[in-house]
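All remarks here apply to the structure that follows.
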């Protein structure tokens, strides 16, 4: 189950640079989420949260060109997903469904996947939603509760505006 969670969240994320260590600076924290500036994203900002089950969720903005968002889930458990592997995924945001492609990634002892979101407002709008259910092709659905993310996304917007 943990591996499917990691694959699912990471599928929502956009393309992060796999297996590379890029400059990151902590901007602050809100509602249990850390807000991070990533220099290789424009710079862009992300929110991240490490969970007790050894998973890590990331949602953010890449500002290297036209703003675009991403969402990712990583785990220390075996995901059976290799770096660079492409996976089809279904995202259900409070009943509204989107299909996409995710890409496997391994960074800092975590594995998972990510997917690009071409509309940055999609990421910001998640603060107004209750849950995202991610179903990777051939896998079980993973539900990510979004309660309490409103403050974190406000801080993400402030971080992005400061860059």
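The values are calculated or read from the model by the stated rules, or taken from the named source; none is laboratory data. All of these numbers come straight from a predicted model, not from anything done at the bench. Heads up, the Cβs are rebuilt from the backbone with ideal geometry, glycines too, and the neighbour counts pull from every protein chain shown.
Taking only pairs six or more apart or across chains, which ones have beta-carbon atoms under 8 Å, a first residue in region 10-36 that is surrounded by fewer than 23 Cβ atoms within 10 Å (Cβ to Cβ), and a second residue that is part of a loop (DSSP other than H, G, I, E, B) and modelled with pLDDT under 90?
Every condition considered, the pairs that remain are 21/108; 31/148; 32/148.
Starting from residues that are in a helix (DSSP H, G or I) and touching a helix residue (DSSP H, G or I) at 6+ places or on another chain (Cβ under 7 Å), keep the ones in region 108-147 and report whichever is nearest to residue 91 (Cα to Cα).
Quick first cut of region 108-147, residues in a helix (DSSP H, G or I) only: 120-128.
From what's left, touching a helix residue (DSSP H, G or I) at 6+ places or on another chain (Cβ under 7 Å): 124, 126-127.
On the way: 124: 16, 126: 12, 127: 16 Å.
Per the criteria, the residue is 126.
Inspect all residues belonging to region 77-88 and state whether any of them is part of a loop (DSSP other than H, G, I, E, B), farther than 20 Å from residue 134 by Cα and in contact with a helix residue (DSSP H, G or I) (Cβ under 6 Å, 6 or more places away or on another chain).
Pass one, region 77-88, residues part of a loop (DSSP other than H, G, I, E, B): 77-85.
So of that shortlist, the ones also farther than 20 Å from residue 134 by Cα come out as none.
Checked region 77-88: no residue is part of a loop (DSSP other than H, G, I, E, B), farther than 20 Å from residue 134 by Cα and in contact with a helix residue (DSSP H, G or I) (Cβ under 6 Å, 6 or more places away or on another chain).
Out of the residues in region 56-70 that are under 10 Å from the mean Cα position of the chain (by Cα) and more than 11 Å from residue 124 (Cα to Cα), which is surrounded by the fewest Cβ atoms within 10 Å (Cβ to Cβ)?
Among them, the one singled out is 56.
Results for (1) within 22 Å of residue 75 (Cα to Cα); (2) modelled with pLDDT of 85 or more, shown as yes or no for each residue.
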site: 98; (1), (2): no, yes
site: 101; (1), (2): yes, yes
site: 107; (1), (2): yes, no
site: 110; (1), (2): yes, yes
site: 115; (1), (2): yes, yes
site: 118; (1), (2): no, no
site: 125; (1), (2): no, yes
site: 128; (1), (2): no, yes
site: 135; (1), (2): yes, no
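Given the criterion farther than 25 Å from residue 150 by Cα and out of contact with any strand residue (DSSP E or B) (no Cβ under 9 Å at 6 or more places or on another chain), identify the matching residue among 104, 95, 138, 65.
On the way: 104 fails: out of contact with any strand residue (DSSP E or B) (no Cβ under 9 Å at 6 or more places or on another chain); 95 fails: farther than 25 Å from residue 150 by Cα; 138 fails: out of contact with any strand residue (DSSP E or B) (no Cβ under 9 Å at 6 or more places or on another chain).
65 is the lone residue from the list that is farther than 25 Å from residue 150 by Cα and out of contact with any strand residue (DSSP E or B) (no Cβ under 9 Å at 6 or more places or on another chain).
Given the conditions (1) assigned to a strand (DSSP E or B); (2) under 23 Å from residue 53 (Cβ atoms), which single one is not true for residue 101?
Residue 101 satisfies all of (1) assigned to a strand (DSSP E or B); (2) under 23 Å from residue 53 (Cβ atoms) except (2).
Given the criteria touching a helix residue (DSSP H, G or I) at 6+ places or on another chain (Cβ under 6 Å), touching a residue at least 40 places away in the same chain (Cβ under 8 Å) and surrounded by fewer than 22 Cβ atoms within 10 Å (Cβ to Cβ), does residue 150 qualify? Before the answer, list the steps.
Numbers: touching a helix residue (DSSP H, G or I) at 6+ places or on another chain (Cβ under 6 Å): yes; touching a residue at least 40 places away in the same chain (Cβ under 8 Å): yes; surrounded by fewer than 22 Cβ atoms within 10 Å (Cβ to Cβ): yes.
Yes; evaluated as a whole, the condition is true for this residue.
Can we say residue 119 is closer than 17 Å to residue 70 by Cβ, exposed (fewer than 14 other Cβ atoms within 10 Å of the Cβ) and in contact (Cβ under 8 Å) with a residue 24 or more places away in the chain? First the steps, then the outcome.
Numbers: closer than 17 Å to residue 70 by Cβ: yes; exposed (fewer than 14 other Cβ atoms within 10 Å of the Cβ): yes; in contact (Cβ under 8 Å) with a residue 24 or more places away in the chain: yes.
Against the criterion (closer than 17 Å to residue 70 by Cβ, exposed (fewer than 14 other Cβ atoms within 10 Å of the Cβ) and in contact (Cβ under 8 Å) with a residue 24 or more places away in the chain), residue 119 qualifies.
Please go through region 1-59 and pick out each residue that is at pLDDT 90 or above and within 22 Å of residue 78 (Cβ to Cβ).
Matches in region 1-59: 48, 58.
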